[in-house]
Amino acid sequence: MTNSSRSEEVPDANRGICTSSRLKLLESTLDSIDEAVLVVDRNGRTLFLNDAARGFVGPDFETLQPSEWTTALGCCRDDEVTPYSTEELPLVRAMRGEHVRDEDMFLRRQGEADGRWLRVNCAPLVGSDGRVEGGILSFRDITVRKRQGEVMQKFHLAVQRSTDCVFITDSTGRIEYVNPAFEATTGYSAREAIGQEPRILKSGLHGRNLYEKLWSTILSGNVYSGTIINRKKNGELFHAEQTITPIQNSGRRPSHFVTVVRDITELKRAQAREIEMRLAQKIQQSLYPRGAPAIEGFDIGGAAYPADATGGDYFDFIPLADGRICIAIGDVSGHGFGTALLMAEARAYLRSLVNTTFDSGEILRRINAFLCADSGAERFITLMVLMLDGRKRRYTYASAGHLPGYLLDAEGEVKSIFDSTGMPLGLFPEYEVETRGGPPLTPGDMMFFMTDGVNETQNMAEEFFDRSRALEVVKRCRLLPAAEIAESIYAAVREFAANGPQTDDITAVICKCLPGEQA
């Protein structure tokens, strides 16, 4: 049977139709179907091509030898690159007597940007004597389906690996599919969720209006987006950005709903912390003195550099009615809004108490009593309070667990140390702290106080800046104004850390005794 020749008309005794007519009817039938059909003899010579096949292989196919089929048609394997060898071609295998079922083949002719996918079936052409006389090939174009399948496979893989929860419900709201992220986030396994309604996530914190709006939106074919508070299987609440997309059928009615849920609980918490930090920053900034008070015979300065928006360090200069000045430096454990409030509370107590007593130890005892009554032992404060009489050039101080301070002479050498005289504040209601004094200050003397962000800063070699380096900076810069010395300490610490992340607040206070007669 060929397209170009027809057999002589031989009457069919059984059906009354001649053989040539039957062949014409068969050819006409094969030409009318979408399936491509190709028949070759045992040598690969074309016996028949229907119209669908001719559109694929081209008019020159009948002149080709089997060894030329792969190159001429661009026959490739699943990777769309590796060519078939002649012996591997499905039609050649059929010519050897093999049956080939539903094998996918990729065709990309030379010069074509895109190729086509075929689903191939082959069978041997067997003669009346049972011998293989050739091969029959049928195939159809599955390019669109193949590409869609690849897209769906990628989509499925993306959904499976997504960190967002994805679940699909039918038109009645019954869950048909959940991805692994749904299980990880909500605590419900796929087995527990499928067949249920999304109401298993309902927190009970939203009114009916929200859900009525949601259903009204998606049933009308529109996408719903909103932030909803959901509940996990263990009862824990979580905030979710939720998008529900209706999938419509041919009748333009929703048949399924695809819901994507992104857990934004941590984002919400971060936003809350950011708001808290901004409030705390305002509080913290209001605690620092805007400038050092002028006191005859002294130059006083300080600088504080928080590690983040709000820190736990504090320093203060409080002028007193009799001409004396209170110098304070402290550090609250922790960071954040609570820390800022606690320091603001301690500052308020301090500023109130310095007008009722000049005894630094008594001031710390009273502050401790207030803090223990108000805040318990969740946080504590180290605080040094020094009373300076500028006219007599004398001082008294008490230190509630704060870092040692230093008294240096005019050459920058340490004369004495302001050691801690009591426990940190806010830990124990029963509290004792000692008030200490020292000899009169002499011209050129300098008091230096700091917080642990100075001496505990580390460099890349994990070495600490330590107190000796801090004292060396003060000694080297001793002729500068007090405020500039404090700033120089910060600059030296940051240089030591190679400008790496600042992990703690850095605060320094300097009080210089200037030349002049003692009262």
What is the residue count in the stretch 77-103 for residues that are open to solvent by less than 50 Å² (accessible area, probe 1.4 Å), closer than 15 Å to K146 by Cα and modelled with pLDDT of 90 or more? 1
Right, V414: in contact (Cβ under 8 Å) with a residue 12 or more places away in the chain and open to solvent by 20 Å² or more (accessible area, probe 1.4 Å) or not? yes
Checking the structure you have, find out if any residue of the stretch 431-444 is farther than 24 Å from I367 by Cβ, surrounded by 15 or more Cβ atoms within 10 Å (Cβ to Cβ) and among the hydrophobic types (A, V, I, L, M, F, W, C). yes
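For the subset of the stretch 474-495 comprising residues that are part of a helix (DSSP H, G or I) and over 13 Å from A508 (Cβ atoms), which member is least open to solvent (accessible area, probe 1.4 Å)? Before the answer, list the steps.
Within the stretch 474-495, the subset part of a helix (DSSP H, G or I) is 474-476, 482-495.
If we keep only those that are over 13 Å from A508 (Cβ atoms) too, we end up with 475-476, 495.
Numbers: K475: 60, R476: 151, E495: 143 Å².
Across the stretch 474-495, the extreme among qualifying residues is K475.
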Looking at T451, T421, T503 in this structure, which one is buried (at least 19 other Cβ atoms within 10 Å of the Cβ) and under 39 Å from the mean Cα position of the chain (by Cα)? T451
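Filter the stretch 164-182 down to the residues that are free of Cβ contacts under 8 Å to residues at least 24 places away in the same chain and touching a Lys or Arg at 6+ places or on another chain (Cβ under 9 Å), then identify the one that is surrounded by the fewest Cβ atoms within 10 Å (Cβ to Cβ). Walk me through it before giving the result.
As a first pass, look at the stretch 164-182 and keep what is free of Cβ contacts under 8 Å to residues at least 24 places away in the same chain: 172, 174-175, 177-181.
Checking which are touching a Lys or Arg at 6+ places or on another chain (Cβ under 9 Å) leaves us with 179-181.
Values: N179: 22, P180: 15, A181: 21.
Residue satisfying both the conditions and the ranking: P180.
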Long-range neighbours under 8 Å by Cβ, at least six apart or interchain, first residue free of Cβ contacts under 8 Å to residues at least 12 places away in the same chain within the stretch 109-127, second surrounded by fewer than 20 Cβ atoms within 10 Å (Cβ to Cβ) and not in a strand (DSSP E or B): D114/R108
Here is a list of conditions, (1) polar (S, T, N, Q); (2) open to solvent by 60 Å² or more (accessible area, probe 1.4 Å); (3) in a helix (DSSP H, G or I); (4) under 18 Å from H239 (Cα atoms), and T185 meets all of them except one; can you say which number that is? (2)
List, please: which pairs have Cβ atoms under 9 Å, are six or more places apart or on different chains, and start with a residue in the stretch 362-375 that is at pLDDT 90 or above and end with one that is open to solvent by 70 Å² or more (accessible area, probe 1.4 Å) and assigned to a helix (DSSP H, G or I)? none
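Please go through the stretch 46-66 and pick out each residue that is open to solvent by 80 Å² or more (accessible area, probe 1.4 Å) and either hydrophobic (A, V, I, L, M, F, W, C) or closer than 21 Å to L125 by Cα (or both). Write out each step before concluding.
Step one: list which residues in the stretch 46-66 are open to solvent by 80 Å² or more (accessible area, probe 1.4 Å), which gives 51, 59-60, 62-63, 65.
Within the stretch 46-66, D51, E62, T63, Q65 meet the criteria.
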Has the stretch 255-271 got any residue that is among the aliphatic types (A, V, I, L, M), out of contact with any Leu (no Cβ under 8 Å at 6 or more places or on another chain), surrounded by 14 or more Cβ atoms within 10 Å (Cβ to Cβ) and free of Cβ contacts under 8 Å to residues at least 40 places away in the same chain? yes
Odd one out for T2 among (1) at pLDDT 65 or above; (2) under 15 Å from I136 (Cβ atoms): (1)
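Buried (at least 16 other Cβ atoms within 10 Å of the Cβ) and at pLDDT below 95: is that true of L471 in this structure?
Values: buried (at least 16 other Cβ atoms within 10 Å of the Cβ): yes; at pLDDT below 95: no.
Here the answer is no, as L471 does not meet what is asked.
Kindly indicate which of T356, T339 is open to solvent by 50 Å² or more (accessible area, probe 1.4 Å), among the hydroxyl-bearing types (S, T, Y) and either touching a residue at least 40 places away in the same chain (Cβ under 8 Å) or not in a strand (DSSP E or B) (or both).
Working: T339 fails: open to solvent by 50 Å² or more (accessible area, probe 1.4 Å).
Answer to the selection: T356.
The values are calculated or read from the model by the stated rules, or taken from the named source; none is laboratory data. None of these values were measured; they are calculated from a predicted model. Counting neighbours? That spans all protein chains shown, and the Cβs are built from the backbone with ideal geometry, glycine included. Side chains are part of the model used for accessible areas, which takes the heavy atoms of the whole protein and leaves out ligands, DNA and RNA. Shrake-Rupley method; radii C 1.70, N 1.55, O 1.52, S 1.80 Å.
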